[in-house]
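K.L.:
Provided herewith is a single structure, encoded as structure tokens, for subsequent inquiry.
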Amino acid sequence: RRHKLYREELNLTSPTAPLPLRPDASWLQFHLGISRDGLYPRSSPTVTRLLRDMRDIPTISAGDFNCSGGLNCSAAQLGSSLLSPRQKREEETPEDFFYFVDFQRHNAEIAAFHLDSRILDFRRVPPTVGRLINVTKEILEVTKNEVLQSVFFVSPASNVCFFAKCPYMCKTEYAVCGNPHLLEGSLSAFLPSLNLAPRLSIPNPWIRSYSFHGKEEWEVNPFYCNTVREIYPYNNSNRLLNIVDMAIFDFLMGNMDRHHYEMFTKFGDDGFLLHLDNARGFGRHSHDEISILAPLSQCCTIKRTTLLRLQLLAEPEYRLSDVMRESLQQDPLAPVLTEPHLLALDRRLQLILEAVGRCINTFGEATVVANDTAQSFVWHRAKVDT
């Protein structure tokens, strides 16, 4: 029955779309492998195959462009692409930029996948790979979207460019351009459709004010977490611990743009949080935004497995920057991050451990560290899986 639903969802039952549904297709095996524990098993061969397919399989259609540089590019129904060359690897986001107008970076999406899944073992970011895209052959010549076709032009430097049609940043000066046709991008695997796997989008309790003025309650009330703990579902589930995991992940990246999170409804209140939309991470390596850690510092709680993994990554033999560098070397667009961004990970990791230490000194380890090792593998002395 599930295969029938997939056929209907992809319109594969229509005579005009005779493409067969291959049960062994990497994207389908990825979808079928999603479980209560994460988007994929640890060291999944399916993910390895899916990354290879997303890197190599030709693009067959393109459309649904949005103003942040995102584009749905179907390569045998594999994923959606982010094209964002406005900020070079060695550049930092300007200090005067608000987080909600920051650039979207394709290399941040790639690095987020490696950090989340290969290093922290959360496995909550969809498989993502870098890809060198020919904007003429793989977008313009395959799209049937007339709006997308209309925004292509050739620049004075003879590069092929295009821009979005949307309420802002929709002029030729905000265009993305090939060199002359080739452009770096990231390709992230599609999740199952909402018809097949419904998801909830839930406001982050530590949402930021998306305006130039004003602050949210958590920014002015140091006891804000006491209020959160009284609200369902944060009062009787692992949801708050998962929020802390997400905050640690975002702090390591410097990602302030986490206004909502999503969950699969199938797994109930204790299901994992999807770590989606990470393109505004890794913007400033010289600044550590401590406010991102508010869920940890205000609630003073953390999973034991998360803490053990962080402590391991602070040891010289498994230093976070080193294992991240090694993992990112596997991507076709390596080097994905510059050395200052890699070294910033080590510095931020120490700040996380110091925050946990302060909590333990205040409330005691038994209160702060939630024992989830009975259901999970203990990583204390295990080698990081890269």
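The values are calculated or read from the model by the stated rules, or taken from the named source; none is laboratory data. Fair warning: this is a prediction, and the values are worked out from it, not measured in the lab. Note: ideal-geometry Cβ built from the backbone for every residue, glycine included; neighbour counts use all protein chains shown. SASA here: full protein model, heavy atoms, side chains in, ligands and nucleic acids out. Shrake-Rupley method; radii C 1.70, N 1.55, O 1.52, S 1.80 Å.
K.L.:
Using label points projected 7 Å from each Cα along Cα→Cβ, tell me how many nm separate Leu351 and Ser201, to one decimal.
P.N.:
Going from the Leu351 label point to the Ser201 one covers 2.9 nm.
K.L.:
If the range 199-385 were replaced by its equivalent ellipsoid, with semi-axes equal to the square roots of 5 times the Cα gyration tensor eigenvalues, what would those be, largest first, whole Å?
P.N.:
Listed largest to smallest, the semi-axes of the range 199-385 are 25, 21, 18 Å.
K.L.:
If you don't mind, there's one more thing I want to ask. Order Val142, Val135 by their accessible area, 1.4 angstrom probe, all chains in place, largest first.
P.N.:
Reading off the accessible areas and sorting them downward yields Val142, Val135.
K.L.:
I've got another one for you. Points 7 angstrom from Cα along the Cβ direction at Phe267 and Glu230: gap in nanometres?
P.N.:
According to this spin-label approximation, the distance is 3.0 nm.
K.L.:
While we're on this one: Nearest 0.05, what FRET efficiency do Val147 and Ser61 give at R0 = 22 Å with Cβ-Cβ as r?
P.N.:
About 0.95, to the nearest 0.05.
K.L.:
Taking 0.36 nm per intervening residue step and subtracting the Cα-Cα distance, what contour gain separates His260 from Ala157 on full extension?
P.N.:
33.1 nm
K.L.:
To continue, here is another question. Over all alpha-carbon pairs in the range 217-256, figure out the percentage whose distance exceeds 16 Å.
P.N.:
Of all Cα-Cα distances in the range 217-256, 47 percent exceed 16 Å.
K.L.:
Please report the carbon-and-sulfur percent of the accessible area for the range 199-385; probe 1.4 Å, protein heavy atoms only, DNA, RNA and ligands left out.
P.N.:
52 percent
K.L.:
By how many nm would the segment from Arg52 to Phe223 lengthen if fully extended, with 0.36 nm per residue of separation less the alpha-carbon distance?
P.N.:
56.8 nm
K.L.:
Using a basic spin-label model with each label point 7 Å from the Cα along Cα→Cβ, how many nm lie between Ser237 and Glu95?
P.N.:
Going by the 7 Å Cα→Cβ label model, 4.2 nm.
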